[in-house]
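**Q** Could you have a look at this structure, given as structure tokens, before my questions?
Bear in mind these aren't lab numbers, they're just calculated from the coordinates by the rules spelled out. All of these numbers come straight from a predicted model, not from anything done at the bench. Note: ideal-geometry Cβ built from the backbone for every residue, glycine included; neighbour counts use all protein chains shown.
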Amino acid sequence: MFTLLIGGARSGKSALAQRLAEQSGLHVTVIATAEPRDDEMKARIRRHRRDRPTAWRTVESPVDLAAAVSAAPDDDFLLIDCLTLWVSNLMERGTSEDAILDAGRHVAGLLAARHAVVVTNEVGLGVIPASELARRFEDVLGRVNATFAESAQRAVLMVAGRALDLTSVETVLRRS
């Protein structure tokens, strides 16, 4: 079962992802997309590593998420943290929006039959960003998130440490 956890910063996404991985009873492969570019990010990465069980395997994959997913053992539970940094990393390298969306569809397809949890940020609930780059990032991440939510068997919105199951558009349409 593939679950998407989406929410704002410090909303409890990573903590819930870890608990879901622990409850799976499977070997866990963590696919981390962060790059340690500054002291704050280095500290954040250290904290995440410290909080994980030592038996979990961690794969650092800031750009080639499809390769990391494909290389993970089929019977492992995958914890991907996070799509937000993955999209940012691709954009910083000059990857086109279409290529990012294609890569997102490909990875979401790879995960459809896997036991996995994917963490991402919801960045579209605030004010419209002032810069063109920030608006493009918000748009691309929003579209990637929608692709993953569509492929996932479950999508959960995290707010202030609380989880809210998100109903699919198809379910809403069937109920009306």
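**Q** Taking a ≥ b ≥ c as the square roots of the Cα gyration tensor eigenvalues, with a/c under 1.5 meaning rounded and otherwise prolate when a/b beats b/c, else oblate, which class fits region 2-175? Before the final figure, lay out each step's value.
**A** Details: a/c = 1.32, a/b = 1.09, b/c = 1.20.
Rounded is the answer for region 2-175, as its axis ratio a/c remains below 1.5.
**Q** So what's the projected area for region 45-114, the Cα convex hull averaged over all directions, in nm²? Don't skip to the answer; put the middle values down first.
**A** Values: hull surface 20.4 nm².
For region 45-114, averaging the hull's shadow over all directions gives 5.1 nm².
**Q** Using a Förster radius of 30 Å, what is the FRET efficiency between Glu132 and Arg46 based on their Cβ-Cβ separation? Nearest 0.05, please.
**A** Numbers: r = 34 Å, r/R0 = 1.12.
Plugging the Cβ-Cβ distance into 1/(1 + (r/R0)^6) gives 0.35.
**Q** Can you run phi through the Karplus equation (6.51, -1.76, 1.60; θ = phi - 60°) for region 66-77 and list ³J(HN,Hα) in whole Hz, with x for Gly and Pro?
**A** Taking θ as phi minus 60°, the curve returns 4, 5, 5, 5, 5, 7, 6, x, 4, 8, 7, 8 Hz for region 66-77.
**Q** Here's a follow-up. Could you go through region 163-172 in sequence order and give the Karplus-derived ³J(HN,Hα) for each residue, using 6.51 cos²θ - 1.76 cosθ + 1.60 with θ = phi - 60°, rounded to whole Hz, and x for Gly and Pro?
**A** Values per residue, Gly and Pro as x: 10, 10, 5, 9, 7, 5, 4, 4, 5, 4 Hz.
**Q** Here's another thing I want to ask about it. Using modelled backbone amide H atoms (1.01 Å from N, in-plane), which distant-in-sequence or interchain residues come within less than 5 Å of Thr95's amide H?
**A** none
**Q** Report the one residue of Trp86, Ile128, Ala15 whose Cα lies farthest in the direction of the positive end of the charge dipole of the chain (charges on C-beta: Lys and Arg +1, Asp and Glu -1; origin at the Cα centre).
**A** Result: Ala15.
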